[in-house]
Amino acid sequence: MDKFDIGLHETYKSILAEYLVTNSEHSLYKAGKFSRELIKNNMSPEDMINLHVSVVQTLIKNLPKEVSDTNDLLLEVMVGYGLAYLEHQSLRDRQKQINSEFAVAAKMQKQLLPIEIPDPITLDVGIKAVAAGPVSGDYYHLQEDENGYLSIAVADIIGKGIPAALCMSMIKYGLDSLPEQRLRPGALLENLNRVIEQNISTNMFITMIYGSYDLQNHIFHYAGAGHEPGFYYQSGTNNFQDLTTKGLVLGLKRTARFQEYELKIEAGDFLVLLSDGVTECRTEDGFITRAEVTTIIKKYLHLPAQKIVDNVYDELEKLQDFQLQDDFTLMIIRREV
Amino acid sequence: MDKFDIGLHETYKSILAEYLVTNSEHSLYKAGKFSRELIKNNMSPEDMINLHVSVVQTLIKNLPKEVSDTNDLLLEVMVGYGLAYLEHQSLRDRQKQINSEFAVAAKMQKQLLPIEIPDPITLDVGIKAVAAGPVSGDYYHLQEDENGYLSIAVADIIGKGIPAALCMSMIKYGLDSLPEQRLRPGALLENLNRVIEQNISTNMFITMIYGSYDLQNHIFHYAGAGHEPGFYYQSGTNNFQDLTTKGLVLGLKRTARFQEYELKIEAGDFLVLLSDGVTECRTEDGFITRAEVTTIIKKYLHLPAQKIVDNVYDELEKLQDFQLQDDFTLMIIRREV
Amino acid sequence: MMSQTCVEVKSEWSIVAARQAGRTIAKDIGFGSVDQARITTAISELARNIYLYAKRGQICIEKVVLLNKVGIKVTALDKGPGIKDIRKVMEDGFTTSGGLGAGLPGVKRLMDEFTIDSTVGEGTTIDAVKWLR
Amino acid sequence: MMSQTCVEVKSEWSIVAARQAGRTIAKDIGFGSVDQARITTAISELARNIYLYAKRGQICIEKVVLLNKVGIKVTALDKGPGIKDIRKVMEDGFTTSGGLGAGLPGVKRLMDEFTIDSTVGEGTTIDAVKWLR
Ligand SMILES: [Mn+2]
Ligand SMILES: [Mn+2]
Ligand SMILES: [Mn+2]
Ligand SMILES: [Mn+2]
């Protein structure tokens, strides 16, 4: 007989003895609690089987020899499960280690994002960004400059996880190193495309919308690189209009060109920039459509921009049963006066 | 009785029946193989127990009722193990997913390193870099420019794993964006230090040695930031000399200054640059010392630089029982003529 | 036929009562002994959660029939503090790794269907179904 | 006293012989039934590795005494192809995840000490020790 904790032996013996007399659910409940205790103590399943066998032998007099023999064979089989159990423990340790690495990485990613949301007097800005996994593959940028322009970007790295996180830092350093091109968002994307094309492997691509909001004249200059179209909401008509752009995803072709657009924003109107994690969220009944997203936004029109994006996120999270399939980035920029 | 695969039931029954007659190791061997089969088929341990119980009931006539009762209780306990087993499977899937992410990330990291090792006519260059984990926190740089200088760097991010990998791309983009300062390695480190200090969190630091090798005059200009000192090997005396430098680790203090050094390299002599993963490798008998590293190098002096670093790695890997504790980077630059 | 059996959860004793009710119904429906043990363990976890975090609530168990399949549905209801971050609670190993037991991810694994509805300050409702195979 | 029992591995049958030898010695030393099963499983894996990858080799088993402890030492020797990347082979789950069985990481887990020495083209020697507690 192997040695094991005498306490465990006694506990199991008393539960089993009680069950033999009562056949009660109460004893089975105790057995369940005992099981939890064993697992907490990392007792492997073959040790548990051995404990069971040894207790049965003390409780049942004259146990047929055949029954003991079958137990020997069971033990042999359970050693295989014991190995899986040990592997489980080391995987769990490894997972804990990786989780703490991810926590640090997520913090580092946060530092790549704007520390605080700019709050120009004439605009109301709201942003909600949530990663589907431990690190994000969506990036956003919001920066007011001294010339009265607010530069705005949302980017989505195709792919998720660690590779996407590595790419994200490159977008940030790429944007930082490029000269400001407030009125030429297409040229900015061209330059960024070259940086990306040079630095990342052929199978990593990035979609992006980049724009510059002229705070004086309320004109939004923008260009897009294969990115999910945003919306322009007109309060006059109570309608959403797509911000379609022409341009290849970044990293695909060194010489790609990006069409530039401009849009006059009227008081009370707003821009919606987003990543496809907002519009392509998968629910039990298929995918959410763009029309469904604007319908949800309409429910909250009367609220400040930040409240709108928060509410949209809450609704979509619930629709997806709290399991995001893709990184989520939603930004609303409303002209107040 | 629960249903389970009739084939499994028959197989287990025949093994158990054989064992009841023979009590042989051969049957136990079959039980071991059967166990492997079950695990391959993701059969959970409580299902296995149930299979065992049901087979025992068909094989042993007049099994005492008490024995069946004890089996019911055992089943209750094993459900807890079943949960751990299911968790194991999903952890394994998650682990596979992360491993494939790491594989892509490692490929991306490779792209940050020199594609090919420069091979100036007068020098013999060898480099061995191995990550302890799936991604590396060591970085090296080797680049010959059109002015006859070879710039050389080895950096070590304090910390490992995903956060270190994120940092590493920053060093690369940082170095790329800085103007060349061939004869002023200290100034280069000052600029890099500022980039790092701005972009990364307060608890991430980087050690680095950066130098510029004048291929015409064989003078090595270098500076260090808290990095493991390299060696200078003089063939005349057959001795190694430490390349000690003065300078804080990068990312600690925005205004840090880095002392500049220069060293004349004679024909047949060589430089050894490394990360602390080479000198601080832990063996059963404690840590390897710097003297032990140079002793190993001396054994291979007659070989080309690449062979030397490969051999040193092989020896140290074995001393550590094939479990690297830290990322390993070892570089040898020998003046041939 | 489709009647529901409900057990008030307010003590450790009532966890046993909920288990007993679940096992009886599971056996009636025709679940084998392993599945009975799994369903009972799931009920145990749900009842224990109520007892520990909401102090009181209800476990209801009923037979469900859908097209050509039959199963057991367990509903756990409480007016407790609610769960703030459901995504986090449902993460793998979030509960087991702390040694606290199977917790909600465990219940999800033991059963075939699992839905959770929770509002902070108002309470939590969990539905879990297991189909007879 | 400290004699070694060696079994030639050249067929599936000899895996059983190696197991038998290991179990007998483990029982003699005083290992309980669970540890006997673990030691036998480790021997099985080592013998199987030889049989599958090196075609033939040897499993030797002996009692070891060190200061105040006693244990069993299993040595697996072959002149097979050798292992190219030992780091990779010893990675967790490298073998089990493929469903190929416990493999070498499993042997390491089943025993207390484990050392491996392998040269490509020359063969592999593995020593594994389990101490009596
Ligand atoms: Mn993405
Ligand atoms: Mn996306
Ligand atoms: Mn490091
Ligand atoms: Mn290091």
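General remarks:
- Extending 7 Å from the Cα toward the beta-carbon at both B:K13 and B:D145 defines two label points whose distance is 8.2 nm.
- Measuring nothing but how far apart in sequence close Cα pairs (under 8 Å, 6+ apart) lie, relative to its length, chain C scores a relative contact order of 25 percent.
- FRET efficiency estimate (nearest 0.05) - Cβ-Cβ, C:W13 to B:K107, R0 60 angstrom: 0.55
- Between C:R133 and A:D285, the FRET efficiency from the beta-carbon distance, with R0 = 25 Å, is close to 0.45.
- Residue of B:E260, B:E76, B:E284 that the Gaussian network model of chain B assigns the largest fluctuation, springs spanning Cα pairs under 10 Å: B:E76
- Cross-link pairs exceeding 32 Å in C-alpha to C-alpha distance, out of A:K96/D:K27; C:K27/C:K55; B:K128/B:K246, comprise A:K96/D:K27.
- A cysteine counts as unpartnered when no other cysteine's C-beta lies under 4.7 Å of its own; in the protein assembly as shown this applies to A:C167, A:C281, B:C167, B:C281.
- Members of B:K160/C:K108; B:K110/B:K253; A:K65/B:K13; A:K40/C:K108 lying beyond 27 Å, as alpha-carbon distances in this model show: B:K160/C:K108; B:K110/B:K253
- Other copies of A:G159: label-to-label distances in nm, shortest first, labels 7 Å along the beta-carbon direction: 2.2
- Separation of the A:N191 and A:Q234 label points, Cα + 7 Å toward Cβ, nm: 3.4 nm
- Quotient of C-alpha Rg and 2.2 N^0.38 Å, computed over the stretch A:3-92: 1.15
- Within the listed set B:S44, B:S14, B:S177, the residue fluctuating most in the Gaussian network model of chain B (springs between alpha-carbon atoms under 10 angstrom) is B:S14.
- Size of charge dipole - chain C - debye, nearest 20, with Cβ of Lys, Arg +1 and Asp, Glu -1, no other charges: 200 debye
- Peptide packing: for C:38-45, A:328-335, C:9-16, A:141-148, the average count of neighbouring Cβ atoms within 10 Å per residue gives the ranking C:38-45, A:328-335, C:9-16, A:141-148, highest mean first.
- Helix runs (DSSP H) in chain A reaching 18 Å along axis by Cα, Kyte-Doolittle at least -0.5: A:6-22, A:45-59, A:65-110, A:161-177, A:185-199
- Projecting label points 7 angstrom from Cα along Cα→Cβ for D:C60 and A:D119 puts them 7.9 nm apart.
- Nm distances between copies for B:E10, ranked from closest, using label points 7 Å along Cα→Cβ: 5.0
- Under 16 Å from the Cα of B:K264 - aspartates and glutamates, other chains or at least 8 residues apart: B:D214, B:D242, B:E336
- For chain A, the per residue solvent-accessible surface stands at 42 Å², with DNA, RNA and ligands left out and a 1.4 Å probe.
- Other-copy label distances relative to B:N147, 7 angstrom Cα-Cβ extension, nm: 3.2
- Under 15 Å from the A:L252 label point (7 Å along Cα→beta-carbon), backbone N, the stretch A:206-234: A:206-209, A:224-229
- The protein assembly as shown: C-alpha gyration tensor shape, a/c 1.5 cut-off, then a/b vs b/c: oblate
- Bridgeable aspartates and glutamates around C:K130 (alpha carbons under 12 Å apart, same-chain partners fewer than 8 residues away excluded): C:D35, C:E62, C:D112, C:E113.
- Of A:R184, A:R257, A:R94, the one that fluctuates the most in a GNM where chain A has Cα springs shorter than 10 Å: A:R94
- Principal-axis tilt of helix C:33-49 within chain C, Cα atoms, nearest 10 degrees: 30 degrees
- Take every pair of alpha-carbon atoms less than 8 Å apart whose residues are at least six positions apart; their mean separation over the length of chain B yields a relative contact order of 17 percent.
- Using a probe of 1.4 angstrom and keeping all protein chains present, the accessible surface of chain C works out to 47 square angstrom per residue.
The values are calculated or read from the model by the stated rules, or taken from the named source; none is laboratory data. It should be emphasised that the depicted structure is a prediction, and the values quoted were computed from it without experimental measurement. Note that each Cβ is placed from the backbone with ideal geometry, even for glycine, and that neighbours are counted across all protein chains shown. Surface accessibility is based on the protein's heavy atoms, side chains included, excluding ligands, DNA and RNA. Shrake-Rupley method; radii C 1.70, N 1.55, O 1.52, S 1.80 Å.
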